[in-house]
Amino acid sequence: MNLGARVDQHQNGLGANYTKTRLPVILVYSEEYPRIDVAFNREKQVQGWSRKKKEALINGKYENLPDLSRSKNKSD
């Protein structure tokens, strides 16, 4: 789908219910995937992340992502 058209849909209150009450919508990050199911799974993954982890992704601080994981394995 055309990314610009999708943002326009959200601006007009179409699409996700979440964005209807949080206008205006400003696109700050996007990724492209060859298949819709892969894109959907990635969207759900990122939606489950903490705000700080999402901000690191948006700002390109990929090295911080592992440290910002919610589930930390503590072996001691």
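Looking at Asn64, Asn73, Asn17, which one is farther than 22 Å from Gly4 by Cα and at pLDDT below 95? Can you show your working first?
Numbers: Asn64 fails: at pLDDT below 95; Asn17 fails: farther than 22 Å from Gly4 by Cα.
On inspection, the qualifying residue turns out to be Asn73.
When only residues in the stretch 19-46 that are touching a helix residue (DSSP H, G or I) at 6+ places or on another chain (Cβ under 9 Å), not charged (D, E, K, R) and not in a loop (DSSP other than H, G, I, E, B) count, which is nearest to Pro66 (Cα to Cα)?
Result: Val46.
Can you tell me how many residues in the stretch 7-21 are of a type in the set (D, E, K, R) and within 21 Å of Leu57 (Cα to Cα)? Spell out how you get there, then give the answer.
Quick first cut of the stretch 7-21, residues of a type in the set (D, E, K, R) only: 8, 20.
In the following step, the residues that additionally are within 21 Å of Leu57 (Cα to Cα) were identified as none.
Number of matching residues: 0.
Among the residues of the stretch 1-12, how many are surrounded by 11 or more Cβ atoms within 10 Å (Cβ to Cβ) and in contact with a Ser or Thr (Cβ under 8 Å, 6 or more places away or on another chain)?
Qualifying residue count, the stretch 1-12: 1.
For the stretch 22-44, which positions are over 23 Å from Asn59 (Cα atoms) and either surrounded by 11 or more Cβ atoms within 10 Å (Cβ to Cβ) or among the basic types (Lys, Arg) (or both)?
Within the stretch 22-44, Arg35 is the sole residue that qualifies.
What pairs come out if I take residues in the stretch 48-69 that are under 18 Å from Glu31 (Cα atoms) and pair them with residues that are aromatic (Phe, Trp, Tyr) and loosely packed, with under 13 Cβ neighbours inside 10 Å whose C-beta lies under 6 Å away, six or more apart or interchain?
Final answer for the pair search is Ile58/Tyr29.
The values are calculated or read from the model by the stated rules, or taken from the named source; none is laboratory data. Keep in mind the model is a prediction, meaning the values are calculated, not measured. All Cβ positions, glycine included, derive from the backbone under ideal geometry; neighbour counts span all protein chains shown.
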